[in-house]
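Worksheet for the structure shown next.
Derivation of every value follows stated rules applied to the coordinates shown; laboratory data play no part. This is a predicted model, so every value here is computed, not measured. For neighbour counting, all protein chains shown are included, and Cβ atoms are generated from backbone atoms with ideal geometry for every residue, glycine included.
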Amino acid sequence: MGKRFFTQLLVDKIRKVFRNSKYRWFAIIAGLVYLISPLDISPDVVPILGWIDDGLVASLVVAEVSQILAEKLKNRQKGNSAASNSTQTSTVIDVNAVS
């Protein structure tokens, strides 16, 4: 139970950091520097354990970059749909037909 508590606490802290856009970009850049850097938490010469930390950092970086791109795409689509709705309503002609 203690391990799960600390893991959840760590995950919550990481999510709070990534919610703030200023820290989000810092964390992405720090993750990329960590992946490029020859210094690791666990060296890559240790089988499996050396690759796990790199995999976790890489997955966090990819997840955050993809989330940023998805948010930008969603905002762009929202802006385009609002613009197209305004042009469509401005070109509607109301005709009262009398039979």
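Calculated on C-alpha atoms, the gyration radius of region 2-70 divided by its Kirkwood radius gives an Rg/Rh of 1.01.
Taking amide H positions as modeled 1.01 Å from N, with prolines and chain starts lacking one, no residue 5 or more places away or on another chain lies under 5 Å from residue 40.
Modelled spin-label separation between residue 16 and residue 62, with each label point placed 7 Å from Cα along the Cα-to-Cβ direction: 2.9 nm. For residue 16, a cut-off of 14 angstrom between C-alpha atoms picks up these aspartates and glutamates, skipping any fewer than 8 places away in its own chain: 64.
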